[in-house]
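Here's the structure we're looking at; comments come further down.
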Amino acid sequence: MATVGSASRVVAAKGQPIIVDQSLTKVATGPITPGYLVSYTSSGIALNGTANKQVGRTFALERTEMNKSIDDAYATGDQAAVGFFWPGQWVTAVIPSGTNVAVGDYLTPDAYGRLVAASSNPAIARAVEAVNNTNGNGNCLTASNGTGTDARIMVELV
């Protein structure tokens, strides 16, 4: 099991997701970094594009069998590993720059595969660690979508 905080080095931190059979895996339709929420499209795997709605708990995974870590993004056309997760499992997910999350905050998807404050929208996750990324400097990684500096956060799926 991974540790909470910036030392978390795997997407599936607690619990075993259903991992899509490699023969069924589609290609990435654009750059995707492990930890981003993804969805299936007719042309492959894409960053989740549905904001503020209940969506499947499907995240891009790292490809350890290919010596690829959580930091290695898939390029367009790469075979992307994807995991389907259940409520109660922990995931190293992603929040956007400009976000400050406290322990216990409920999170909902944005339109770029990240999680944001749920407010009155359906939550898919609850933060199990606090991450202040208001200045784009918390557990930083290069954004898959080119919208700024995103950060990793450990969440429990609900």
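Here are a few things to note about the model shown:
- Criterion: within 23 Å of T29 (Cα to Cα), at pLDDT below 90 and under 13 Å from the mean Cα position of the chain (by Cα) - qualifying residue of D110, D71: D71
- Any chance N67 is without any contact (Cβ under 8 Å) to a residue 12 or more places away in the chain and farther than 18 Å from F85 by Cα: yes
- Evaluating A123 against the criteria (1) within 21 Å of V20 (Cα to Cα); (2) assigned to a loop (DSSP other than H, G, I, E, B) leaves one unmet condition, (1).
- Candidates A125, A80 - the one that is crowded, with 18+ Cβ neighbours inside 10 Å, modelled with pLDDT under 90 and under 14 Å from the mean Cα position of the chain (by Cα): A80
- Selection status of Y74, closer than 16 Å to R152 by Cα and crowded, with 19+ Cβ neighbours inside 10 Å: no
- Options G49, G104, G35; residue that is surrounded by fewer than 14 Cβ atoms within 10 Å (Cβ to Cβ) and either of a type in the set (K, R) or closer than 19 Å to A125 by Cβ (or both): G104
- Filtered residues of segment 52-64 (kept if surrounded by fewer than 17 Cβ atoms within 10 Å (Cβ to Cβ) and either free of Cβ contacts under 8 Å to residues at least 12 places away in the same chain or over 24 Å from A123 (Cβ atoms) (or both)): T64
The values are calculated or read from the model by the stated rules, or taken from the named source; none is laboratory data. Computed from a prediction, not measured in an experiment: that's the story for all the values here. Positions of Cβ are backbone-derived with ideal geometry, glycine not excepted, and every protein chain shown enters the neighbour counts.
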